[in-house]
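As structure tokens, the structure follows; a few thoughts come after it.
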Amino acid sequence: MRDDLPVWRSLMFIPVTAEKFVRTGADRGADAIILDLEDAVAPSQKDQARTLIAAAIPQVARNGADVVVRVNRPWRLLVRDLEAAVIMGVHTLMLTKVDSPEHVIACGEIVTELEDERGLAAGGIRFIALVENAAGFFRIEQIARCHPRLVGISLGSEDFAADVGMQSEPEGLFYPKQQTIFAARAAGIMPMGFIGSIADFRDQEAFRAIVRRSRRLGFMCASAVHPLQVAVLNEEFSPDPAEVERARRMIVAYDEAYARGLGAVQFEGAMIDVPVVDRARSVVKRAAALGARVRA
């Protein structure tokens with residue numbers, strides 16, 4: 001994985017037009033707040049929504065959350081969204097309905113021009129690619145590696161399921177979601193999401209089971225549509241303290257054995273070798289990064 005990726009477990013959607021949610025969103029514990037210009041904003045409110053971004057940023061970021069702005073896909077709306085969202089304080093843009101590398105590249109050119117015009121750090125604003133249809137899915141590997149601004153990629157469960165004519169159930173989503181993980185990992189960016197629907201937040205234990213399984217399969221973080229989901233995402237996408245401690249012991253044991261010229265050793269009743277220890281190093285690195293984020 002790239003070393004410049006953000007440290008996220010949870011990203012919470014907030015309609016930028018919902019003043020109450022903007023005011024209280026920072027208190028929900030999400031690692032990032034997604035100010036939504038897309039689905040949560042009615043067509044008649046799009047113009048007004050763009051004018052609210054700047055004032056919303058300090059409110060949602062006051063407890064340290066990164067600010068993400070989800071933009072629209074139709075190009076006439078998208079260009080206006082980029083004009084409004086490429087400003088100081090915006091960490092990442094979530095690009096919707098991405099169905100080709102060319103779409104991301106074109107957005108990158110526009111954002112580069114805007115950064116230059118506005119005196120912002122070149123390349124400072126990152127991208128998340130949200131793939132939501134079959135056309136995009138079959139290009140997901142190319143999309144994931146197409147631009148240095150990309151830090152994560154996600155397959156939108158509801159939109160993708162609707163596009164291919166299936167229900168947004170784990171059975172049908174397993175294959176496309178797993179391919180998303182593979183594409184992201186091959187490109188060195190974050191696989192985002194989980195295998196299931198984001199819509200039903202009422203059954204917290206069922207949601208927890210979905211997220212726990214998704215983390216085991218390789219996902220690193222996910223978005224939430226309700227504050228109740230945030231705590232679950234933070235807990236399930238954080239390494240368990242016992243897991244971290246065991247990983248540390250494993251690394252020490254392996255490094256000591258390696259120094260003696262051994263390539264595979266027995267550790268606490270199991271044989272370990274390079275892939276197993278690399279996974280342990282990733283756990284320790286993730287825990288350290290999350291710890292640094294909390295302390296900051």
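Any read-out appearing in this document is the output of simple, stated calculations on the displayed coordinates, not a laboratory observation. Only a predicted model underlies this, so the values are computations on that prediction, with no experimental measurement involved. Cβ: placed from backbone, ideal geometry, glycine included. Neighbour counts: every protein chain shown.
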Please work out which one of (1) in contact with a His (Cβ under 7 Å, 6 or more places away or on another chain); (2) part of a loop (DSSP other than H, G, I, E, B); (3) of a type outside the set (Phe, Trp, Tyr) is the condition Val68 fails and give its number.
(2)
Among the numbered criteria (1) among the aliphatic types (A, V, I, L, M); (2) outside any helix (DSSP H, G or I); (3) under 14 Å from Lys46 (Cβ atoms), which single criterion is violated by Leu82?
(2)
Output the residues belonging to region 1-29 that are touching a residue at least 24 places away in the same chain (Cβ under 8 Å), under 24 Å from Thr51 (Cβ atoms) and not in a helix (DSSP H, G or I).
Leu11, Met12, Phe13, Ile14, Pro15, Val16, Thr17
Residue satisfying condition, being touching a helix residue (DSSP H, G or I) at 6+ places or on another chain (Cβ under 9 Å), closer than 21 Å to Asp36 by Cβ and aromatic (Phe, Trp, Tyr), within set Phe267, Phe207:
Phe207
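Identify all residues within region 244-271 that are loosely packed, with under 10 Cβ neighbours inside 10 Å and of a type in the set (D, E, K, R); write none if there are none. Write out each step before concluding.
To start, the set of residues in region 244-271 that are loosely packed, with under 10 Cβ neighbours inside 10 Å comprises 259-261, 263, 268-271.
Of everything in region 244-271, those that are loosely packed, with under 10 Cβ neighbours inside 10 Å and of a type in the set (D, E, K, R) turn out to be Arg260, Glu268.
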Would you check if there is a residue in region 43-53 being part of a loop (DSSP other than H, G, I, E, B) and crowded, with 18+ Cβ neighbours inside 10 Å?
yes
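Can we say Glu102 is closer than 22 Å to Met192 by Cα and exposed (fewer than 14 other Cβ atoms within 10 Å of the Cβ)? Walk me through how you get there before you give the answer.
Details: closer than 22 Å to Met192 by Cα: yes; exposed (fewer than 14 other Cβ atoms within 10 Å of the Cβ): yes.
Considered against the rule, which asks whether it is closer than 22 Å to Met192 by Cα and exposed (fewer than 14 other Cβ atoms within 10 Å of the Cβ), Glu102 comes out as yes.
So which helices (runs of 4 or more DSSP H) stay within region 165-267 end to end and still have 3 or more residues that are basic (Lys, Arg) and more than 30 Å from Ser100 (Cα to Cα)? Can you show your working first?
Working: elements: 170-187, 204-217, 227-236, 241-259.
Answer list for region 165-267: 241-259.
Residues that are of a type in the set (A, V, I, L, M, F, W, C) and touching a Pro at 6+ places or on another chain (Cβ under 8 Å): list the strands (runs of 3 or more DSSP E) wholly contained in region 92-161 that include at least 2 such residues.
Working: elements: 92-95, 126-131, 150-155.
Because the criterion is at least 2 residues that are of a type in the set (A, V, I, L, M, F, W, C) and touching a Pro at 6+ places or on another chain (Cβ under 8 Å), the strands (runs of 3 or more DSSP E) in region 92-161 that meet it are 150-155.
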